[in-house]
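Here's the structure we're looking at; comments come further down.
The values are calculated or read from the model by the stated rules, or taken from the named source; none is laboratory data. This one's a predicted model, so the numbers in the text were calculated from it and none came from an experiment. Don't worry about glycine lacking a Cβ; one is built from the backbone with ideal geometry, like all the others, and counts go over all protein chains shown.
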Amino acid sequence: MATLEIHDLHVSVDAENGPREILKGVDLTIKQGETHAVMGPNGSGKSTLAYSLAGHPKYTVTGGTVTLDGEDVLEMSVDERARAGVFLAMQYPVEVPGVSVSNFLRTSATAIRGEAPKLRTWVKEVKEAMEKLSMDPAFAERNVNEGFSGGEKKRHEILQLELLKPKIAILDETDSGLDVDALRIVSEGVNRVRETGEVGTLLITHYTRILRYIKPDFVHVFANGRIVESGGAELADQLENEGYDKYVKGGASA
Amino acid sequence: MAEAQNIPAGSTTAGSIAVAAESTVATRMSAPPSFDVADFPVPHGREEEWRFTPLARLRGLHDGTAVATGEGVRVEIEAPEGVTVETVGREDERLRKAGKPVDRVAAQAYSSFEKASVVTVAKEAVLDEPIRIAVHGQGGVAFGHQVIELGAFAEAVVVIDHTGDAVLAANVDFVLGDGAKLTVVSVQDWEKDAVHVAQHNALLGRDASFKSVVVTFGGDVVRLHPRVSYAAPGGSAELFGLYFTDAGQHQEHRLLVDHNTPHCSSNVAYKGALQGQDAHAVWIGDVLIQAAAEGTDTYELNRNLVLTDGARVDSVPNLEIETGEIAGAGHASATGRFDDEQLFYLMARGIPETEARRLVVRGFFAELVQQIGLPDVEERLIAKVEAELEASV
């Protein structure tokens, strides 16, 4: 069973006046089949956690370990992490002019699966996955994220999640900027992947809204660069009612 | 309509749209066009038309010290039936039809060549095979002059291939009869020390269509000057260009479309990728719409993709309009860096770095390459772009 273990993770970014520590010792273990919601106020370091796990060059790991089934993730390049089974659905997916969605998906699937998918089954697979996300087939011929609406970008991220079938899926504020219909469609996509039981999900969010659609097994409150409280789904209800005030008061600024 | 975005340090994108009584496009040149090199002062490098060019690397083409050697370039012309290929002397009047040299090096080329090639496609002949002109550098200095003339309603494709090593200054003329259609592909695939300075003059007859595809990969200094003017109304010109500028290379494309006649159109699109220290690309796009040129429709575009630090782009579109009675006129120029966020996004989907770069660069050129309309040329260009990328990683 795939397990991602994060132990005492410290991460800095370069700021004008030298490196600034954002993650200050994060401990978290995610097993295949589990869903962990990480919730916290803006600026608490949630997205830094997501991007650090994917290997974004902007972030420097200064301490701690991250392993996937015992393999050192921090030693891997960005593409190696993806091929090892770590997937990051981004909050702000990047436009890639001149590269069509269909070309991108096939190139990516080829890299992840280690061989080019058979064309006929692949076309069918993509078509079905797009239908489930209520995506127009013409979408495949557009350039990656170019001119996409906020909802289209997020659906495109979840489409990749469904096609690439990672071991660990990190969803970075996938709910932000979505109206209720889009949120439902995107959540259903995530749930389809979760129901396979083969993915461990790290759901990063500011709001509890998405948790009405995606039921977490564990909820962690993130503040000032670390997890400050962990519990079950009931912790989300408490946050819904009380907000983050008690976690940021007296702590570092949000 | 001018735009600029994400410009790498040291690069410039300037643009202007002038509505002027006096032509700045013409007056920006140091001397009026002339066939005689003596009419042009030796440039010192601060002149508008020379300010981006490294004169010291022109091997004397600009100051009269470059002298033709026996072993300059070897020119081989392969033409299908219906085409006449002649080697002519200086006195042949067809050599002066399309336009005059506009700078000192072009005038030097005209004043220095001994024999010129004239390729004629008979009127109404429609060629099903391209005319192939191979210009192979033999390591020496050469001055060239070629004329390709199409009779009325003739249709032809000409592929000019420049390879090897040479110091070459040349004029290449395209004369299109009424209703003629000509596609010219000029590939600069020189060895790394070559210097190539050339002026292309196209003169379009009534309702003629001219498509120029300029592809520059090699050479130490390549400076090309494609120019279009119209002998009668209804002409249409498409000028496409693709360049891949590597470390130390200077590749300069200076275009002029002179809308001197009513109801003609022009569309200019040049795209370049740069990589390596002191890679320098220059693109000048001059479009002049003269007072008489009512109903003109024109657009020019330049895009640059800077793949590494240390490269420089100077991109200057100029649109000068002397009549308000036009169908459309616009220009756009943008120079962007290869985006690390794009790279991260693609790699985060398991795609290795080299493959990710290739995807982005292919994507950048794809739209332009598709407009060429010659499948074998398109495939060759894609392969060449891939080879350039291979060399960089």
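Miscellaneous remarks
- Options B:GLU320, B:GLU355; residue that is at pLDDT 90 or above, in contact with a Leu (Cβ under 9 Å, 6 or more places away or on another chain) and part of a helix (DSSP H, G or I): B:GLU355
- For region B:129-151, a residue qualifies if it is under 21 Å from B:PHE210 (Cα atoms) and of a type outside the set (Gly, Ala, Ser), and the qualifying residues are B:GLU129, B:PRO130, B:ILE131, B:ARG132, B:ILE133, B:HIS145, B:GLN146, B:VAL147, B:ILE148, B:GLU149, B:LEU150.
- Checking region B:286-295 against the condition returns no match, with no residue being free of Cβ contacts under 8 Å to residues at least 40 places away in the same chain, part of a strand (DSSP E or B), over 20 Å from the mean Cα position of the chain (by Cα) and over 25 Å from A:GLU95 (Cα atoms).
- For the residues B:VAL306, B:VAL313, the requirement of being modelled with pLDDT of 90 or more, buried (at least 22 other Cβ atoms within 10 Å of the Cβ) and within 30 Å of A:TYR51 (Cβ to Cβ) singles out B:VAL306.
- Note on region B:329-361: among residues that are aliphatic (A, V, I, L, M) and more than 9 Å from chain A (Cβ to nearest Cβ), the one that is nearest to B:ALA279 (Cα to Cα) is B:ALA334.
- Hey, B:ASP189 under 26 Å from B:TYR243 (Cα atoms), surrounded by fewer than 20 Cβ atoms within 10 Å (Cβ to Cβ) and without any contact (Cβ under 8 Å) to a residue 40 or more places away in the chain or not: no
- Which listed residue is touching a helix residue (DSSP H, G or I) at 6+ places or on another chain (Cβ under 7 Å), buried (at least 20 other Cβ atoms within 10 Å of the Cβ) and over 26 Å from B:ILE382 (Cβ atoms), from B:VAL221, B:VAL147: B:VAL147
- The set of residues in region B:363-379 being more than 7 Å from chain A (Cβ to nearest Cβ), surrounded by 16 or more Cβ atoms within 10 Å (Cβ to Cβ) and not hydrophobic (A, V, I, L, M, F, W, C) consists of B:GLU378 alone.
- Residue match in region A:86-104 (condition: surrounded by 21 or more Cβ atoms within 10 Å (Cβ to Cβ), more than 10 Å from chain B (Cβ to nearest Cβ), farther than 27 Å from A:ILE6 by Cα and aliphatic (A, V, I, L, M)): yes
- Where a residue in region A:136-153 is over 11 Å from A:VAL96 (Cβ atoms) and its partner, wherever it lies, is of a type in the set (Gly, Ala, Ser) and surrounded by 14 or more Cβ atoms within 10 Å (Cβ to Cβ), with Cβ under 6 Å and at least six apart: A:ALA140/A:SER102; A:GLU141/A:SER100; A:GLY150/A:GLY177; A:GLY151/A:ALA182
- Residue in region A:76-85 that is surrounded by fewer than 17 Cβ atoms within 10 Å (Cβ to Cβ), of a type in the set (Asp, Glu) and within 14 Å of another protein chain (Cβ to nearest Cβ) present: yes
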